Amino acid sequence: MITVEDIAYVRYQVTDLESMEKFLTDFGLHRIAHTGNALYMRTAGSVHHSHISELGASNATLGFGLFAEQCKDLEKLSAILGAPIEDNPEPGGGKRVRFRDPAGFVVDVLHGQARHMPMTVRDPLAMNSSTRWRRFGDKVRVTRNPSSVGRLGHVALLVPNFEETFAFYRDILGFRVSDTYWAEREQNLIAAFLHCGLGERWTDHHTIALVTTHGNAARFDHAAFEVLDLDDLFQGSEHLKSHGYTHSWGVGRHVQGSQIFDYWRDPFGNKIEHWTDGDLVNDETPVGHAEISDGELSQWAPPLSPEFFD
């Protein structure tokens, strides 16, 4: 077992890099490299890139990258899987171990990738609630611009072989369970929210979410990016709406993870999420176990449409 510290990036195949770049720029990401056959986009944070689009004949979700806590984790993983440690040939460099997980996704576990200085963004807004004032003599004024996306938070995977994939991420990559969903009977797990196994250190409620699909092919349900605050989420939503992009669901607040969310579709139909105000957990946090239902997906939100599950 190794220790994964965080998610690095998500990887897609698309038929048009220019359309993807335009959307992602409006979503709040920034181009860091364009090789002709691949587009690399960064957030405002320090990670070299968080979104990769590869040019291809069809549109697909290919895989993702994860950061190993230490270089020796690459050595352990290489020994377990029989996959080599290699120089990362993509922008940002470092070392990686590349393999396919049981669901078929291409997974890169990296260490030593180059980092950026974070971009300058405004401070999160202080809010005056009915019981606590935090803003005195200052006005709130925001503009309809792209959201300030700080980082990639998680990827949700639809997998046909849930138990096998779940065991792999738990037993090989060291992920720990935050919450699970069951259907029909409590022993029938159909979804798991997994956090990085960092012991007492606080981390996102989930970095990987696994959900059973009844199809034969695995794919992403969505990738999720953290924005600055609630106003930043709403102003980004208004910006995307004004540019005619397809809205999928939101704004609302999830149950598992508690994030305030807003889902969109990129030009190729991929679901992508802005979120803010998510839960933090560690390995001592009690594990939740709930029956799946539409009501378990949000504490408040507009009604779900069937499109959301496509």
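The values are calculated or read from the model by the stated rules, or taken from the named source; none is laboratory data. Since the structure is predicted, the reported quantities are computational estimates derived from the model, not experimental observations. Here Cβ is always computed from backbone atoms with ideal geometry, including for glycine, and neighbour counts include all displayed protein chains.
So the values come out like this:
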quantity	calculated
Positions within segment 182-203 being in a loop (DSSP other than H, G, I, E, B) and either buried (at least 20 other Cβ atoms within 10 Å of the Cβ) or over 20 Å from the mean Cα position of the chain (by Cα) (or both), in sequence order	E184, C196, G197, G199, E200
Number of the condition not met by V155 [criteria: (1) assigned to a strand (DSSP E or B); (2) free of Cβ contacts under 8 Å to residues at least 12 places away in the same chain]	(2)
Segment 275-310, residues that are modelled with pLDDT of 95 or more, touching a Gly at 6+ places or on another chain (Cβ under 6 Å) and not charged (D, E, K, R)	G278
Which numbered condition G236 fails, given (1) surrounded by fewer than 23 Cβ atoms within 10 Å (Cβ to Cβ); (2) within 20 Å of P267 (Cα to Cα)	(1)
Segment 110-135, residues that are over 18 Å from L228 (Cα atoms) and either outside any loop (DSSP other than H, G, I, E, B) or free of Cβ contacts under 8 Å to residues at least 24 places away in the same chain (or both)	L110, H111, R115, S129, S130, T131, R132, W133
Positions within segment 241-256 being closer than 20 Å to S305 by Cβ and touching a residue at least 24 places away in the same chain (Cβ under 8 Å), in sequence order	Y245, S248, W249, G250, V251, G252, R253, H254, V255
Qualifying residues in segment 136-160 (those that are closer than 30 Å to H214 by Cβ and of a type outside the set (V, I, T)) - the one surrounded by the fewest Cβ atoms within 10 Å (Cβ to Cβ)	P160
Strands (runs of 3 or more DSSP E) completely within segment 29-104 that count 3 or more residues being in contact with a strand residue (DSSP E or B) (Cβ under 6 Å, 6 or more places away or on another chain) and under 29 Å from M1 (Cβ atoms)	60-68, 95-100
Given (1) in contact with a His (Cβ under 6 Å, 6 or more places away or on another chain); (2) at pLDDT 95 or above; (3) part of a strand (DSSP E or B), index of the condition H206 fails	(3)
Within segment 78-95, tally of residues that are within 25 Å of G45 (Cβ to Cβ) and touching a residue at least 24 places away in the same chain (Cβ under 8 Å)	5
Selection within segment 204-233 - crowded, with 18+ Cβ neighbours inside 10 Å and among the hydrophobic types (A, V, I, L, M, F, W, C)	I208, A209, L210, A218, F220, A223, A224, F225, V227, L228, L233
Selection count, segment 284-310, where residues are exposed (fewer than 15 other Cβ atoms within 10 Å of the Cβ) and part of a loop (DSSP other than H, G, I, E, B)	10
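One line per residue, one yes/no per condition, for (1) closer than 19 Å to A8 by Cβ; (2) touching a residue at least 24 places away in the same chain (Cβ under 8 Å); (3) touching a strand residue (DSSP E or B) at 6+ places or on another chain (Cβ under 8 Å):
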{"residue": "D138", "(1), (2), (3)": "no, no, no"}
{"residue": "S178", "(1), (2), (3)": "no, yes, yes"}
{"residue": "H195", "(1), (2), (3)": "yes, yes, yes"}
{"residue": "L198", "(1), (2), (3)": "yes, yes, yes"}
{"residue": "V211", "(1), (2), (3)": "no, yes, yes"}
{"residue": "H214", "(1), (2), (3)": "no, yes, no"}
{"residue": "D229", "(1), (2), (3)": "no, yes, yes"}
{"residue": "D232", "(1), (2), (3)": "no, yes, yes"}
{"residue": "H239", "(1), (2), (3)": "no, yes, no"}
